[in-house]
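> After the structure tokens below, expect a handful of questions from me.
Coordinate-derived values only; no laboratory data. From a predicted model like this one, the values you see are computed outputs, not experimental measurements. Methodologically, a virtual Cβ is constructed for each residue, glycine included, from the backbone with ideal geometry; neighbour enumeration extends over all protein chains shown.
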Amino acid sequence: MKHLTLALCLLAANTLAQAQVTIQEAWVRGTVPSQKASGAFMQLSSTKNLRLVAASSPVAGVVEIHEMVMAQDVMKMRQIPGLDLVPGQVLALKPGGYHVMLMDLKTQLKGGDTVPLTLTFEDPQTQTRFTQQVTAPVTALGAGNGPQAGGGMKHAQ
Amino acid sequence: MAFFHKTNALVRWLLTFSVLTGLLGGCGRTDDSTAAAFKGMDITGVNYGNDFRLTDFDGRERTLADFRGQAVLLYFGFVQCPDVCPTALARAVEVKHLLGAQGDRLQVIFVTVDPERDNSAVLKEYMAAFDPTFLALSGDAQRTRETADHFKVYYKKIPTGSSYTMDHSAMSYVFDPLGHLRLVMRHEQTAQDYAHDIAQLLKTP
């Protein structure tokens, strides 16, 4: 019984830790063989104030958080230090706005592949950091500008 | 650069103005074929962007004259671009589809502003991912700069991480089947807007 209680407590704690950020509609834009860069997109939400401060992936040598802005019809893309999550609001990383920039790709990203991503969040109150994983399906290059219909994971821990 | 921004400010103002006059002109008038004829900015008669001389991904030299009889949608971008370029090319696929049988009379041309990385092999692969009829053109550093200047296109290499990205103009130019530069379309405009305008230009022989 004691063991069961402990197990349940651990499970509950684990579930709480996992549920800090809800990651939905994650997808990565596919590439052609010689292409070395692409972007990952997703929707993030949280019940507390958090900040997305970093990301990494085994498929890319360098991963950065980027903002795309259009200024007088000129597209500019810049690395940004982080993105704030506000409770009750969905932070959308989507074409035309923010993305997780994948550079120095080690392999071609084909439609139907999945890309593991590790996101690092910071709690501004405690200054502590934690990571969360998401597996983002690849939308083949040219096959659309969003998660492929039916292929998207709705939620990932 | 300064000129470019001034031109853009002017373009924006003209766009706003034309939308407003289009709206006002619509009041009480039912038969005005000239009002709001195009969704894009009509730049017919401008003294820039009248030709290019670049190499396609099969090594052939191309000029605008090669595409007589077709409307040409011209876009400047780069392959290692996660957002705006594939969005523009995905839209071009949709535009061609929306044009139906007339879609074959649209030639989509992608000019790389990153010839250092975008070699002919990657350009060919990249276009084929969207539509094998889409053409990508490139030049050496000097020819690329000259071409962009001639089209009032801005681009600049920006270091990021151990690599670099490119800032670049994200509008598209549209030529009519006679090879005249007619329209500039903004990135924010929809495939429907593009198809509407290109369909009109294709009515000319």
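> Which of the residues belonging to the stretch B:67-85 are facing chain A (nearest Cβ under 7 Å) and touching a residue at least 12 places away in the same chain (Cβ under 8 Å)?
B:V79, B:Q80, B:V84, listed by residue number.
> Continuing with this model, one more query. Scanning for something in contact with a helix residue (DSSP H, G or I) (Cβ under 6 Å, 6 or more places away or on another chain), surrounded by fewer than 21 Cβ atoms within 10 Å (Cβ to Cβ) and within 15 Å of A:Q24 (Cβ to Cβ), does the stretch A:67-82 turn up at least one residue?
No, the stretch A:67-82 contains no residue that is in contact with a helix residue (DSSP H, G or I) (Cβ under 6 Å, 6 or more places away or on another chain), surrounded by fewer than 21 Cβ atoms within 10 Å (Cβ to Cβ) and within 15 Å of A:Q24 (Cβ to Cβ).
> Filter the stretch B:189-198 down to the residues that are over 9 Å from B:K39 (Cα atoms) and either free of Cβ contacts under 8 Å to residues at least 24 places away in the same chain or buried (at least 18 other Cβ atoms within 10 Å of the Cβ) (or both) and list them by number.
Those that are over 9 Å from B:K39 (Cα atoms) and either free of Cβ contacts under 8 Å to residues at least 24 places away in the same chain or buried (at least 18 other Cβ atoms within 10 Å of the Cβ) (or both): B:A195, B:I198.
> Of the residues A:L109, A:L141, A:L105, which is in contact (Cβ under 8 Å) with a residue 24 or more places away in the chain, touching a helix residue (DSSP H, G or I) at 6+ places or on another chain (Cβ under 8 Å), under 20 Å from B:Y126 (Cα atoms) and among the hydrophobic types (A, V, I, L, M, F, W, C)?
Going through A:L109, A:L141, A:L105 in turn, just one is in contact (Cβ under 8 Å) with a residue 24 or more places away in the chain, touching a helix residue (DSSP H, G or I) at 6+ places or on another chain (Cβ under 8 Å), under 20 Å from B:Y126 (Cα atoms) and among the hydrophobic types (A, V, I, L, M, F, W, C): A:L141.
> What are the residues in the stretch B:44-54 that are crowded, with 18+ Cβ neighbours inside 10 Å and either in a strand (DSSP E or B) or within 14 Å of chain A (Cβ to nearest Cβ) (or both), if any?
B:L54
> Could you list, in sequence order, all residues of the stretch B:117-133 that are in contact (Cβ under 8 Å) with a residue 24 or more places away in the chain and over 14 Å from B:C81 (Cα atoms)?
Scanning the stretch B:117-133 gives B:S120, B:A121, B:K124, B:F130, B:D131, B:T133.
> To continue, here is another question. Within the stretch A:59-73, is there a residue that is in contact (Cβ under 8 Å) with a residue 24 or more places away in the chain, assigned to a loop (DSSP other than H, G, I, E, B), more than 8 Å from chain B (Cβ to nearest Cβ) and of a type in the set (G, A, S)?
No; the residues of the stretch A:59-73 include none that is in contact (Cβ under 8 Å) with a residue 24 or more places away in the chain, assigned to a loop (DSSP other than H, G, I, E, B), more than 8 Å from chain B (Cβ to nearest Cβ) and of a type in the set (G, A, S).
Yes or no, residue by residue, for (1) of a type in the set (D, E, K, R); (2) more than 8 Å from chain B (Cβ to nearest Cβ); (3) over 22 Å from B:M166 (Cα atoms); (4) assigned to a strand (DSSP E or B):
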| site | (1), (2), (3), (4) |
| --- | --- |
| A:R51 | yes, yes, yes, yes |
| A:P81 | no, yes, no, no |
| A:D84 | yes, yes, yes, yes |
| A:M101 | no, no, no, yes |
| A:L109 | no, yes, no, no |
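> Let me ask something else. Looking at the stretch B:38-52, I want the residues that are hydroxyl-bearing (S, T, Y) and have a partner that is in a loop (DSSP other than H, G, I, E, B) with Cβ atoms under 6 Å, at least 6 apart or on another chain. Which pairs are those?
Listed by first residue and then by second, the contacts come to B:Y48/B:K152.
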